[in-house]
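**Student:** The structure is given below, and queries will be raised subsequently.
The values are calculated or read from the model by the stated rules, or taken from the named source; none is laboratory data. The model shown is predicted, which means the values in this text are computed figures rather than measured ones. Here Cβ is always computed from backbone atoms with ideal geometry, including for glycine, and neighbour counts include all displayed protein chains. Quick note on the areas: whole protein, heavy atoms, side chains included, nothing else; ligands and nucleic acids left out. Shrake-Rupley method; radii C 1.70, N 1.55, O 1.52, S 1.80 Å.
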Protein chains: 2
Amino acid sequence: MSVLNNAADVLRCFGNDCPDLTVSDVVRLLGMPKANASRLLKAMREANMLETIGDSHRHRPGRLMLDLAAAYRRSSLLIGRASEVVAEASTTFGHTGYISVRDGKEVTAVADFQGTNALRVVSNIGRRLPAHLSATGRSLLARLGDEAVHALYTGHGVLADLTEQLSKVRHQGFAYSSQEATPGVDAIAISVADPRTDEAVSLCIVYPHALVDIKGRDEMIAALAKGAARIAEDLGDSAFVAPRI
Amino acid sequence: MSVLNNAADVLRCFGNDCPDLTVSDVVRLLGMPKANASRLLKAMREANMLETIGDSHRHRPGRLMLDLAAAYRRSSLLIGRASEVVAEASTTFGHTGYISVRDGKEVTAVADFQGTNALRVVSNIGRRLPAHLSATGRSLLARLGDEAVHALYTGHGVLADLTEQLSKVRHQGFAYSSQEATPGVDAIAISVADPRTDEAVSLCIVYPHALVDIKGRDEMIAALAKGAARIAEDLGDSAFVAPRI
DNA sequence: ACCTGAGTTCCATTTAATGGAACGACTCGG
DNA sequence: CCGAGTCGTTCCATTAAATGGAACTCAGGT
């Protein structure tokens, strides 16, 4: 199924900083003969996996792809439950919230809730972040054992640091980052899992550093923790530890 | 590229009321030999186009698919501009807002902004709606000429009715629906296009019928109209007609 | 133990993908 | 107006992969 893998490789090119692709982009990025690239993009176009932008030669993901993220959300009871919790916290506090999942060493948001405050962190759903460099990622990595984390990050340089951070996350029951990925932006994250499906998601609130003091932060942690605890209980997530604030 | 088309057919199965698929679901829905279905799902799994839910045999879209809708959004200046407008209107009025695109006779949301009011319409991003049965769909269909609409809906029964509705939409400059798709839910929609790329999007606000009178509705229309007009001017959408309230 | 339904694997056959090269379309600079 | 450069598509013989019937495995149910 070489075509399928090539098609998947093409779709992977759209990650983060590449909103569109041409035949020669694909040739450059994937190193395939341009005859193949041309036919592959054509076939993907005809299958609605891609579409051209206007009448140019630039391609973006096709309409077929638009609803799949939603199908993913619908397939998961856990994501639905987590979304309710974060949506409520987001409207209560006015800050932007996410639900994220981990994929190897990366995390990606599957749902987002825009904050309502005049100064709020803009949602970056669909952007993959390095798991070890974000609160939401660390809240998910903390669910793994030290061995599993070691296996993931072996030879990575950050391992010692990360191991220490994760043990703190495990002890606290939540992950916290202050101006880590983005200057002026703090984040809190709590993870919860569904043992029946082996899924784990992170409930996350991001907010402007200047707007929230420790007391305000702890209120948000408490709100997320309360919702997460109920989910953990209902689904039987025995690994969940209630945050200590 | 028969594999690609089969893979696309599998992905199409996830639309609306099908959150997961098994091998035999695929056999039933697509009528392919089960040997093929089994190998196809396996290949799609290995390409990250699908993933299994837990260790069951049920499949959902894979992680690879999660970011593609975001790449679609990023590829389009028009969607970005429209999102700003709807996000602002959504926070101002507290109602849920969407950006949608048309795909033949269907519309699908590409971005959503949850309302903040206690009573608000829940977002249904990723669900395809019949274009002729929704305000957002009609606001997009209204951009087509009568001939194009006729060609789309020929032999469809609704054509006469629809043509009349669309001429009203064209005259008013906005589409309106009251308790059409969902009891108790009203919607307003205004479309705007980017002539350089031939894209058209609909800016839409949905709200509980009981909460908003005509005056409130007209304020929201005015807010969307103002934003849409600016977009139309900046991008050169000469077909845009400013709503008359 | 025996069935039934779902999923996978095997194998010969058919069908489609591959990539080098030739061809067409467009742009830029002279 | 021409030629060089870039980009995309098409052609064709070769090679590799998809196909589907049948046999096989692995549950859960009786």
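**Student:** When only residues in the range A:57-73 that are under 18 Å from the mean Cα position of the chain (by Cα) and farther than 20 Å from residue B:106 by Cα count, which is nearest to the other protein chains (Cβ to nearest Cβ)?
**Tutor:** Result: A:72.
**Student:** Could you tell me whether residue A:192 is at the interface with another protein chain (Cβ under 9 Å from one of its Cβ atoms), touching a strand residue (DSSP E or B) at 6+ places or on another chain (Cβ under 7 Å) and of a type outside the set (Ser, Thr, Tyr)?
**Tutor:** no
**Student:** Is at least one residue of the range A:214-226 assigned by TED's automatic domain parsing to the domain that holds residue A:105, more than 30 Å from residue A:119 (Cα to Cα) and small (Gly, Ala, Ser)? It would help to see each step written out before you state the result.
**Tutor:** Our first condition is that a residue be assigned by TED's automatic domain parsing to the domain that holds residue A:105; within the range A:214-226, this holds for A:214-226.
Remaining after also requiring more than 30 Å from residue A:119 (Cα to Cα): none.
Within the range A:214-226, not a single residue is assigned by TED's automatic domain parsing to the domain that holds residue A:105, more than 30 Å from residue A:119 (Cα to Cα) and small (Gly, Ala, Ser).
**Student:** Given the structure, is residue B:69 touching a residue at least 40 places away in the same chain (Cβ under 8 Å) and within 11 Å of DNA strand C (Cβ to nearest atom)?
**Tutor:** When the stated conditions are applied, residue B:69 does not pass them.
**Student:** Right, another one. Which is within 17 Å of residue B:4 (Cα to Cα), within 13 Å of DNA strand C (Cβ to nearest atom) and either touching a His at 6+ places or on another chain (Cβ under 6 Å) or open to solvent by less than 20 Å² (accessible area, probe 1.4 Å) (or both), of B:41, B:64?
**Tutor:** Matching residue, one of B:41, B:64: B:41.
**Student:** What is the number of the single condition among (1) among the basic types (Lys, Arg); (2) out of contact with any strand residue (DSSP E or B) (no Cβ under 7 Å at 6 or more places or on another chain); (3) open to solvent by 60 Å² or more (accessible area, probe 1.4 Å) that residue A:81 does not meet?
**Tutor:** With (1) among the basic types (Lys, Arg); (2) out of contact with any strand residue (DSSP E or B) (no Cβ under 7 Å at 6 or more places or on another chain); (3) open to solvent by 60 Å² or more (accessible area, probe 1.4 Å) applied to residue A:81, the lone miss is (3).
**Student:** If you don't mind, there's one more thing I want to ask. Quick check on residue B:99: is it open to solvent by 10 Å² or more (accessible area, probe 1.4 Å) and either touching a helix residue (DSSP H, G or I) at 6+ places or on another chain (Cβ under 9 Å) or farther than 18 Å from residue B:167 by Cβ (or both)? Spell out how you get there, then give the answer.
**Tutor:** Numbers: open to solvent by 10 Å² or more (accessible area, probe 1.4 Å): no; either touching a helix residue (DSSP H, G or I) at 6+ places or on another chain (Cβ under 9 Å) or farther than 18 Å from residue B:167 by Cβ (or both): yes.
Judged against the criteria, residue B:99 is not a match.
**Student:** Name the residues in the range B:2-35 that are surrounded by fewer than 18 Cβ atoms within 10 Å (Cβ to Cβ), within 11 Å of chain A (Cβ to nearest Cβ) and either near DNA strand C (Cβ under 10 Å from one of its atoms) or of a type in the set (Gly, Ala, Ser) (or both), would you?
**Tutor:** B:2, B:5, B:15
**Student:** Can you name the number of the only condition in (1) surrounded by fewer than 22 Cβ atoms within 10 Å (Cβ to Cβ); (2) not in a helix (DSSP H, G or I) that residue B:160 fails?
**Tutor:** Just one mismatch for residue B:160, condition (2).
**Student:** Also, I was wondering about something else. Those residues that are β-branched (Val, Ile, Thr) and within 25 Å of residue B:77 (Cβ to Cβ), I need them from the range B:174-205; list them, please.
**Tutor:** B:188, B:190, B:192, B:197, B:201, B:205
**Student:** Here's another thing I want to ask about it. Select from the range B:177-215 the residues that are open to solvent by less than 20 Å² (accessible area, probe 1.4 Å) and of a type in the set (Gly, Ala, Ser) and list them in ascending order.
**Tutor:** Result: B:177, B:187, B:189, B:191, B:193, B:202.
**Student:** Continuing with this model, one more query. Does residue B:106 meet the test of being more than 10 Å from chain A (Cβ to nearest Cβ) and either open to solvent by 40 Å² or more (accessible area, probe 1.4 Å) or of a type in the set (Lys, Arg) (or both)?
**Tutor:** Numbers: more than 10 Å from chain A (Cβ to nearest Cβ): no; either open to solvent by 40 Å² or more (accessible area, probe 1.4 Å) or of a type in the set (Lys, Arg) (or both): yes.
Here the answer is no, as residue B:106 does not meet what is asked.
**Student:** Mind listing whichever residues of the range B:232-245 are more than 18 Å from residue B:170 (Cα to Cα) and open to solvent by less than 30 Å² (accessible area, probe 1.4 Å)?
**Tutor:** Residue satisfying the conditions is B:235 alone.
**Student:** If you check residue A:82 against the conditions, is it in the same structural domain as residue A:216 (by TED's automatic domain parsing) and of a type in the set (A, V, I, L, M, F, W, C)?
**Tutor:** So residue A:82 passes the test.
**Student:** Scan the range B:25-38 and give yes if some residue there is within 30 Å of residue B:199 (Cα to Cα) and either touching a residue at least 60 places away in the same chain (Cβ under 8 Å) or not in a strand (DSSP E or B) (or both), otherwise no.
**Tutor:** No; the residues of the range B:25-38 include none that is within 30 Å of residue B:199 (Cα to Cα) and either touching a residue at least 60 places away in the same chain (Cβ under 8 Å) or not in a strand (DSSP E or B) (or both).
**Student:** Run residue B:118 past the list (1) touching a Leu at 6+ places or on another chain (Cβ under 9 Å); (2) without any contact (Cβ under 8 Å) to a residue 40 or more places away in the chain and report the number of the one that doesn't hold.
**Tutor:** (1)
**Student:** Only one of A:115, A:145 is closer than 21 Å to residue A:87 by Cβ and either facing another protein chain (nearest Cβ under 10 Å) or open to solvent by less than 50 Å² (accessible area, probe 1.4 Å) (or both); which?
**Tutor:** A:115
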